[in-house]
């Protein structure tokens, strides 16, 4: 007798050899004859590249399926994907909302262990990763080794970026103001920035989840349950968040019937898609930790060094 349904119980492909993410929306994800299938329903002006019809999904060669609005998923589909390590994430239109992200459980915990070691070394690897993040965002490596100094320098540049991008869209910028208790009290540009930030952070949550990193362990942001996702989202503040926000704010100022949240969300989503931001985020997360040894390797090296010192002392 073959083990498992269709004998595929142990037929798992390593995530390193898979093709990443697949976006699906407005259809039914089910299992038929042991195969994952997606029945795409007619949806005018949905922006999906898929035509109406039924598609076989090569789930074993995917790391994650992003299931958008207007879709359903069967229990059998969840069982089959869980068996073969293919994650399913429910997202908003264009991936600018992340409603649930079950653990991907990649083949190894390597990224999480490297992240944990870097985060646990505040005077060494943690500041190194923070400097790398600022370098990715600003195009140069800051010489300072204090997170407070780095934040201060970044803040000055951020204020200039706000002014410059606002000016490009013909918007008078009066400064970043946001009342968490009353977000609608902010002016139109600030509201747009809030909506764009949420959208890009959702994309960052998808990227962080897909590589098995730890969302709570941020290097610039702290305390938040998604601190590391906020760190990654900030890498795209100047290239995605602010351009999308001020473009949307300009549209609302020109036509007051335009809904600021919807317009900003769709504009940001289109930019995320056009710039392939989520794949970039995944690559950047890996780059941040590429030369940091996983925790147990560092402990082994430390133990070996201690043993050497003891031996030399005996000599």
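The values are calculated or read from the model by the stated rules, or taken from the named source; none is laboratory data. Just so you know, these numbers come straight off a predicted model, no measurement behind them. Using ideal geometry, Cβ is built from the backbone for each residue, glycine included, and neighbour counts are taken over all protein chains shown.
Computed quantities for the displayed model
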item: Residue that is surrounded by the fewest Cβ atoms within 10 Å (Cβ to Cβ) [pool: residues in region 256-307 that are modelled with pLDDT of 90 or more and in a loop (DSSP other than H, G, I, E, B)]; result: 257
item: Lone unmet requirement of (1) out of contact with any helix residue (DSSP H, G or I) (no Cβ under 7 Å at 6 or more places or on another chain); (2) farther than 22 Å from residue 23 by Cβ; (3) outside any loop (DSSP other than H, G, I, E, B) for residue 223; result: (3)
item: Per-region count, region 7-51, residues in a strand (DSSP E or B) and modelled with pLDDT of 85 or more; result: 15
item: Given (1) over 23 Å from residue 127 (Cα atoms); (2) modelled with pLDDT of 90 or more; (3) assigned to a helix (DSSP H, G or I), index of the condition residue 310 fails; result: (2)
item: Test: residue in region 196-209 that is free of Cβ contacts under 8 Å to residues at least 40 places away in the same chain, outside any loop (DSSP other than H, G, I, E, B) and in the same structural domain as residue 270 (by TED's automatic domain parsing); result: yes
item: Check on residue 86, touching a helix residue (DSSP H, G or I) at 6+ places or on another chain (Cβ under 7 Å), outside the structural domain of residue 271 (by TED's automatic domain parsing), within 25 Å of residue 200 (Cα to Cα) and modelled with pLDDT of 75 or more; result: yes
item: Single unsatisfied condition, residue 94 versus (1) under 26 Å from residue 18 (Cβ atoms); (2) part of a helix (DSSP H, G or I); (3) modelled with pLDDT of 90 or more; result: (3)
item: Residue under evaluation residue 74, criteria (1) at pLDDT 80 or above; (2) over 18 Å from residue 22 (Cβ atoms); (3) out of contact with any helix residue (DSSP H, G or I) (no Cβ under 8 Å at 6 or more places or on another chain), criterion not met; result: (2)
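Yes/no matrix, rows are residues, columns are (1) under 27 Å from residue 199 (Cα atoms); (2) modelled with pLDDT under 85; (3) not in a helix (DSSP H, G or I):
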residue: 55; (1), (2), (3): no, no, yes
residue: 66; (1), (2), (3): yes, no, yes
residue: 70; (1), (2), (3): yes, no, yes
residue: 106; (1), (2), (3): yes, yes, yes
residue: 111; (1), (2), (3): yes, no, no
